[in-house]
Amino acid sequence: MASALSESRISVDHIPVKLIIAGPFGVGKTTMVSALSEIKPLNTEEVLTQAGTLVDDLTGVNEKTTTTTAIDFGRLTLPGVVLYLFGAPGQTRFQVLWEELARGALGVLVLADTRRIDDSFAVLDLVENAGIRYAVAVNHFPDSPDYPDEALRQALDLDPRTPLLVCDARDPASARASLIALVEHIKELMVS
Amino acid sequence: MTSGRQRRRVVPDFMAAAKLAVPEQINVERTTLVYVAPEVVSDALDPPGVHLVNLLKEGPLSVYECAAHLGLPYCVVRLLVAGLAASGTLLTRDPPRAEGPDLEILELVLSGLRAL
Ligand SMILES: Nc1nc2c(ncn2[C@@H]2O[C@H](COP(=O)(O)OP(=O)(O)O)[C@@H](O)[C@H]2O)c(=O)[nH]1
Ligand SMILES: [Mg+2]
């Protein structure tokens, strides 16, 4: 904790920008947030009721009927802006959490694993329900099968304009290139 | 581990007992930036308030970062910050606009990422 505390702080005049990195368990979210973040990635707990709503007062926070989920959190300061990176879980029971995370966010990088394509369906549902712009990045593992882009797009039911990338979540340059592709896509949607 | 897990004590007892002064209208979000108001004396605060003020002595942090460093859930730290902001101990700077960034901000993000 001592080292984390002495890490550089944010300047108040940097514009905050929220970005979400999403995907099923084990797809590489924590890895990618670490690769991009200037601070040691943090974990913050969200408290939900069993029904999936967010707890927003202290009443009942300690009760058995609540459940917690840890969200990865990282930060990347650029000239004039500070990017807040949220690594968010992709199960549909986190719908309400997703709606909150999505508010004011720039966009979502959805990570997919071609060994378990089906696991990404729930995340895509959440992202689309939250009405947030996104790109899909396939995090490549040594034993990942290589499918043609068209087959992947069809399996994931992607809009032809949605970027479909391949990345290595461990590699900061690759992670940054994925973010750039996402932001360029959002810019195109905004200006068109 | 991203899947939900059961835990009995999300909030430590001292915290649950602290009887937070929480304002009616809360404008605190995950990425709200928090910093200490000039000339704040933390002696009169409850323990969680003292921890938070000490954490922020080195400079601003987002609410989410405060929660991670304090080891408390976001929902708790949000209320703590809201109360201390209402009493003038902490100052806050707004999170991103609800409708998301505009083109100008997008360009800043793009040029910043490309220059890395
Ligand atoms: N080979 C390879 N392994 C990776 C890559 N990204 C993540 N991993 C590993 O996959 C495992 C799961 O990654 P993690 O980031 O914890 O997934 P999360 O559950 O989405 O947060 C970890 O052991 C990582 O080291 C990658 O691009 N290539
Ligand atoms: Mg993880």
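The values are calculated or read from the model by the stated rules, or taken from the named source; none is laboratory data. Worth saying up front: this structure is predicted, and the values here are computed from it rather than measured. Here the Cβ positions follow ideal geometry from the backbone for every residue, glycine too, while neighbour counts run over all protein chains shown.
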- From the residues in the range A:23-38 that are more than 10 Å from ligand 2 (Cβ to nearest atom) and in contact with a helix residue (DSSP H, G or I) (Cβ under 7 Å, 6 or more places away or on another chain), which one is farthest from the other protein chains (Cβ to nearest Cβ)? A:ALA35
- Working only within the range B:68-116, note down all residues that are closer than 24 Å to A:ASP72 by Cβ and of a type in the set (S, T, N, Q). B:THR92
- Is one or more of the residues making up the range A:62-80 within 13 Å of ligand 2 (Cβ to nearest atom), assigned to a loop (DSSP other than H, G, I, E, B) and more than 7 Å from every other protein chain (Cβ to nearest Cβ)? no
- Query: Out of all the residues in the range A:43-66, is one or more buried (at least 24 other Cβ atoms within 10 Å of the Cβ) and closer than 28 Å to A:LYS187 by Cβ?
  - Reply: no
- Message: Test of understanding: among A:ALA169, A:ALA155, which residue is under 20 Å from the mean Cα position of the chain (by Cα), surrounded by 12 or more Cβ atoms within 10 Å (Cβ to Cβ), away from chain B (no Cβ under 14 Å) and under 17 Å from A:ASP113 (Cα atoms)?
- Response: A:ALA169
- Query: List, please: which pairs have Cβ atoms under 6 Å, are six or more places apart or on different chains, and start with a residue in the range A:119-146 that is within 15 Å of A:PRO24 (Cβ to Cβ) and aliphatic (A, V, I, L, M) and end with one that is buried (at least 21 other Cβ atoms within 10 Å of the Cβ) and at pLDDT below 95?
  - Reply: A:ALA122/A:GLY90; A:VAL123/A:GLY90; A:LEU126/A:TRP98
- Query: Looking at (1) touching a residue at least 40 places away in the same chain (Cβ under 8 Å); (2) surrounded by 16 or more Cβ atoms within 10 Å (Cβ to Cβ), which is the one condition that is false for A:VAL96?
  - Reply: (2)
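Those residues that are within 14 Å of ligand 1 (Cβ to nearest atom) and touching a helix residue (DSSP H, G or I) at 6+ places or on another chain (Cβ under 8 Å), I need them from the range A:118-139; list them, please. Before you say what the answer is, go through the steps one by one.
In the first step, residues of the range A:118-139 are kept if they are within 14 Å of ligand 1 (Cβ to nearest atom); the result is A:119-120, A:122-123, A:137-139.
Matches in the range A:118-139: A:SER120, A:ALA122, A:ALA137, A:VAL138, A:ASN139.
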- Query: So which residues in the range A:79-122 are out of contact with any Phe, Trp or Tyr (no Cβ under 9 Å at 6 or more places or on another chain) and under 16 Å from A:SER178 (Cβ atoms)?
  - Reply: A:LEU83, A:LEU106, A:LEU111, A:ALA112, A:SER120
- Looking at this structure, is A:SER178 assigned to a helix (DSSP H, G or I), away from ligand 2 (no atom under 16 Å from the Cβ) and either within 14 Å of chain B (Cβ to nearest Cβ) or in contact (Cβ under 8 Å) with a residue 60 or more places away in the chain (or both)? yes
- Matching residues in the range A:18-61 (more than 13 Å from the chain's Cα centre (by Cα), touching a residue at least 40 places away in the same chain (Cβ under 8 Å) and part of a strand (DSSP E or B)) number 3
- Query: If we only count helices (runs of 4 or more DSSP H) wholly inside the range B:3-116, which ones have 1 or more residues that are in contact with a Phe, Trp or Tyr (Cβ under 6 Å, 6 or more places away or on another chain) and at pLDDT below 90?
  - Reply: B:47-56
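Those residues that are surrounded by fewer than 23 Cβ atoms within 10 Å (Cβ to Cβ) and more than 7 Å from every other protein chain (Cβ to nearest Cβ), I need them from the range B:84-104; list them, please. So that I can check it myself, show each step before the final result.
Kept after step one, since they are surrounded by fewer than 23 Cβ atoms within 10 Å (Cβ to Cβ), are these residues of the range B:84-104: B:85-89, B:91-100, B:102-104.
Selection gives B:ALA85, B:ALA86, B:SER87, B:GLY88, B:THR89, B:LEU91, B:THR92, B:ASP94, B:GLU99, B:ASP102, B:GLU104.
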- Odd one out for A:LEU109 among (1) in contact (Cβ under 8 Å) with a residue 40 or more places away in the chain; (2) under 14 Å from the mean Cα position of the chain (by Cα); (3) over 20 Å from A:CYS167 (Cα atoms): (3)
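Quick test for you: out of B:VAL76, B:VAL28, B:VAL109, pick the one residue that is crowded, with 20+ Cβ neighbours inside 10 Å and touching a Lys or Arg at 6+ places or on another chain (Cβ under 8 Å). If you could, list the steps in order and put the result at the bottom.
On the way: B:VAL76 fails: touching a Lys or Arg at 6+ places or on another chain (Cβ under 8 Å); B:VAL109 fails: touching a Lys or Arg at 6+ places or on another chain (Cβ under 8 Å).
So the residue among B:VAL76, B:VAL28, B:VAL109 that is crowded, with 20+ Cβ neighbours inside 10 Å and touching a Lys or Arg at 6+ places or on another chain (Cβ under 8 Å) is B:VAL28.
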